[in-house]
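Inspection log for the structure reproduced underneath, given as structure tokens.
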Amino acid sequence: MKKLLLLCALFLSVPAVAEEYYDYYGLQEYGLRKNTTRVEFYGGMTLPQDDWVHNGQPVDLGGTGWTVGLGFTRNISRYFALGLDGNYAQMGDGETFTSGGQDAYYRTGIATGLVTGRVNFFPSQSTRLYIPFGMGVGHMFARQKNDDGSHLTTNSTDLAWMLGLGLEFDLDESVIFGVEGRYNLIEADSEFKDAFGQSRYHYLSVMLKIGTRF
């Protein structure tokens with residue numbers, strides 16, 4: 001009888017000890033939650049579109065470059081989120097060509113401000129897939145830099161779009177790390193189209209990100 005009472009007391013004491021332990025150390029809450037906000041910083045590399053020909057001349061606005069950005073996201077539900085995204089992409093210098101009897105090359109940069117959406121897969125897990133997308137405004141400049149130090153800049157401000165795929169991990173209850181790839185498309189205004197013969201410009205970006213949620 002004493003052994004039975006001792007065993008019952010042991011079983012009854014386990015939940016109390018567990019509750020006291022979690023009250024002290026805190027439960028780890030991984031996964032996405034409704035009505036939470038995320039701030040993310042990211043950076044990586046850009047892969048611009050191939051060269052094209054305009055008025056019989058090849059056009060190279062730049063090669064592989066870098067990109068940085070900042071995003072704010074609000075989880076409307078565990079599966080869907082809305083947010084804002086700001087990004088700058090700097091293409092690598094283009095191939096050298098001859099203009100006006102001297103060597104020159106193009107250096108291109110693109111800044112975008114987007115309203116974004118995001119669809120989450122496996123939101124209750126600490127490792128998740130997601131699809132980001134967005135639409136907004138993009139400003140692009142292509143600067144012809146000449147050997148004599150002079151330059152000529154062509155600007156374009158028009159609609160910008162992006163669609164991507166990402167994978168992220170919860171490092172703890174608040175910190176998130178991940179990798180994200182995007183396809184980016186920038187519409188070109190009349191000045192850019194007249195200069196380069198393109199109505200839009202597209203590029204890929206591959207980035208690492210670190211974020212926090214609250």
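The values are calculated or read from the model by the stated rules, or taken from the named source; none is laboratory data. Since this is a predicted model, take the numbers as computed values, not measurements. With ideal geometry, Cβ positions are generated from the backbone for all residues, glycine too; neighbour counts draw on all protein chains shown. Heavy atoms of the whole protein, side chains included, go into the accessibility calculation; ligands, DNA and RNA do not. Shrake-Rupley method; radii C 1.70, N 1.55, O 1.52, S 1.80 Å.
Figures for the structure shown
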| read-out | value |
| --- | --- |
| Answer residue from segment 118-134, given it is touching a residue at least 60 places away in the same chain (Cβ under 8 Å) and of a type in the set (Gly, Ala, Ser) and is farthest from Tyr88 (Cα to Cα) among those | Ser124 |
| Test: residue in segment 52-65 that is surrounded by 15 or more Cβ atoms within 10 Å (Cβ to Cβ), in a strand (DSSP E or B) and in contact (Cβ under 8 Å) with a residue 60 or more places away in the chain | yes |
| Some residue of segment 38-45 being open to solvent by 70 Å² or more (accessible area, probe 1.4 Å), in contact with a Ser or Thr (Cβ under 8 Å, 6 or more places away or on another chain) and modelled with pLDDT of 95 or more | yes |
| Members of segment 180-196 found to be open to solvent by 60 Å² or more (accessible area, probe 1.4 Å) and in contact with a Phe, Trp or Tyr (Cβ under 9 Å, 6 or more places away or on another chain), listed by number | Tyr183 |
| Members of segment 159-179 found to be closer than 19 Å to Leu204 by Cα, aliphatic (A, V, I, L, M) and open to solvent by 20 Å² or more (accessible area, probe 1.4 Å), listed by number | Leu159, Leu163, Leu165, Leu167, Val179 |
| Candidate set: segment 141-155, residues that are open to solvent by less than 80 Å² (accessible area, probe 1.4 Å) and free of Cβ contacts under 8 Å to residues at least 40 places away in the same chain; chosen: the one farthest from Leu185 (Cα to Cα) | Gly149 |
| Breaking point among (1) loosely packed, with under 14 Cβ neighbours inside 10 Å; (2) under 30 Å from Thr36 (Cβ atoms), for Tyr130 | (1) |
| Unique match (being free of Cβ contacts under 8 Å to residues at least 40 places away in the same chain, open to solvent by 50 Å² or more (accessible area, probe 1.4 Å) and under 13 Å from the mean Cα position of the chain (by Cα)) among Val115, Val137 | Val115 |
| Residue that is touching an Asp or Glu at 6+ places or on another chain (Cβ under 9 Å) and small (Gly, Ala, Ser), where the choices are Ser126, Ser99, Ser77 | Ser126 |
| Number of the exception - Ser77 against (1) outside any strand (DSSP E or B); (2) open to solvent by 60 Å² or more (accessible area, probe 1.4 Å) | (2) |
| Residues located in segment 35-51, provided they are assigned to a strand (DSSP E or B) and touching a Phe, Trp or Tyr at 6+ places or on another chain (Cβ under 9 Å) | Thr37, Arg38, Val39, Glu40, Gly43, Gly44, Met45, Thr46, Leu47, Pro48 |
| Qualifying residue in segment 96-109 (condition: closer than 18 Å to Ile210 by Cα, part of a strand (DSSP E or B) and of a type outside the set (Val, Ile, Thr)) | no |
